[in-house]
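Structure record follows, encoded as C-alpha cells.
The values are calculated or read from the model by the stated rules, or taken from the named source; none is laboratory data. Model, not experiment: these values are computed from the prediction. Using ideal geometry, Cβ is built from the backbone for each residue, glycine included, and neighbour counts are taken over all protein chains shown.
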Amino acid sequence: MSVEPEAVRAFEHAGWQHAAARYADAFAPATAPFIAPLLVAAEVSPGRRVLDVACGPGTIAAAAAARGATAQGLDFSAAMVGIARAMHGHIAVLEGDAEDLPYAEGAFDAVVSGFGLHHVPRPEVALAQARRVLAAGGRVAFTVWAAPSDNTAWGLVFDAVARHGSAPRASPPGAPFNRIDQCLHALEQAGFVHNSAQIVRAIWPVESAHALVAALSAGTVRMAALIEVQEPSTLAAIVADIAHHAERYRQGDRLAIPTAAILARGKKA
C-alpha cells in the first residue's frame, strides 16, 4: 500500500490535538506497563542522554529522568507539548517532527518512542533520524501495539465491530505498523545493527466494556475514528458484544484485559 506522508501526518496531527487533553486520564493506564521494559531495552541509566520521540504528556521522559538520565521530549502536537511541559517542568520538550528531528548528530545516547512510530507516516525515516542523533553505540527502542490477533483489547473491539458495526467510508490514511517483521525491517532500513523485536504482554484494568470503548475513543486516533462512525444503536450492540466476550477476563469488580505490544530495539554501530 502506498503511503501519502502528508495525509497521514495531517490525520494523526488533528487526532492528537483533539485527544491530548483526555489522554493521560483515559488511555495512559494502557501504556504504563510497557514503560519500564522500553527503558531497559534502551539501556537507560544514570548520566545517559535520552530523547523521547512522540513523547505525548512526557511520561516516558519523566521515567527516564527518574532513573538518573538527562531526558528530553519531542512531539508534533502543540497540545501534547503544552501538557508535557506543565506536568514535567524539569524536562525540555520541543514541538517537532519525528521525521526531521531538530537536534545535532550524536546528541543522545538513547532514543525511545512509546507507541509513537505507528502514528508516523514513515517509521523507517523516523528511525533514520533517531540514528542520526544517536552517539556511536547508542540504542534505539520503541513499542507499537501488536496486531489485534495478538492484542486482546483491540481484538475485542475489532471483532465486535465486524459482527455488529460498519466500516468507515474511508479508511484512515497509511498502513498498519504492527508486526515484528515490519519493525525489524524498519530498523534495518534505518541502518541499525543487533536488532531484535518481541511481543511483550500486559494487563489493562478497566471497569467495564463501556469504559474500554470510552478510553479508546478519548485517548487514541485510529481506533477512535472507527468507533466514531458507528450509529448509536450499533455502538450499543458493539459494547454489549465486547462485554459478553470480555467477561472471561473479569477479576472482581473490574475487567483485566490482556494487551500486547511489540518491543523493538537496535544499536548504532
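Scan A110, A126, A130, A98 and give me the residue that is aliphatic (A, V, I, L, M), under 19 Å from A64 (Cβ atoms), in contact with an Asp or Glu (Cβ under 6 Å, 6 or more places away or on another chain) and surrounded by 24 or more Cβ atoms within 10 Å (Cβ to Cβ).
A126
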Next item on the list: Pairs only if they're at least six apart or on different chains, beta carbon under 6 angstrom, first in segment 135-152 and in contact (Cβ under 8 Å) with a residue 40 or more places away in the chain, second of a type in the set (D, E, K, R) and outside any loop (DSSP other than H, G, I, E, B); list them, first residue then second.
Entry: A135/D109; G138/D109; R139/K267; A141/R265
Next item on the list: Taking only segment 110-156 into account, find how many residues are part of a helix (DSSP H, G or I) and among the basic types (K, R).
Entry: 2
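Report, by residue number, each residue of segment 18-40 that is of a type outside the set (S, T, Y) and either modelled with pLDDT of 95 or more or assigned to a loop (DSSP other than H, G, I, E, B) (or both). Don't jump to the end; show me each part of the working.
Step one: of segment 18-40, the residues of a type outside the set (S, T, Y) are 18-22, 24-30, 32-40.
Matches in segment 18-40: F27, A30, A32, P33, F34, I35, A36, P37, L38, L39, V40.
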Margin query: Here is a check on your reading of the model: is E43 more than 18 Å from H88 (Cα to Cα), outside any helix (DSSP H, G or I) and touching a residue at least 40 places away in the same chain (Cβ under 8 Å)?
Written below: yes
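Here is a check on your reading of the model: is A236 under 18 Å from the mean Cα position of the chain (by Cα) and not hydroxyl-bearing (S, T, Y)?
No; evaluated as a whole, the condition is false for this residue.
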Check: Is it the case that I242 is over 19 Å from A26 (Cα atoms) and modelled with pLDDT of 95 or more?
Finding: no
Item checked: Residues satisfying the stated conditions in segment 169-222, i.e. exposed (fewer than 14 other Cβ atoms within 10 Å of the Cβ) and in contact with an Asp or Glu (Cβ under 9 Å, 6 or more places away or on another chain) -> I199, E207
Margin query: Restricting to segment 239-269, name every residue that is over 30 Å from C183 (Cβ atoms) and in contact with a Lys or Arg (Cβ under 9 Å, 6 or more places away or on another chain).
Written below: D241
Notebook entry, point to check: What tally of residues in segment 12-54 results from selecting those that are within 13 Å of the chain's Cα centre (by Cα) and not hydrophobic (A, V, I, L, M, F, W, C)?
Noted result: 6
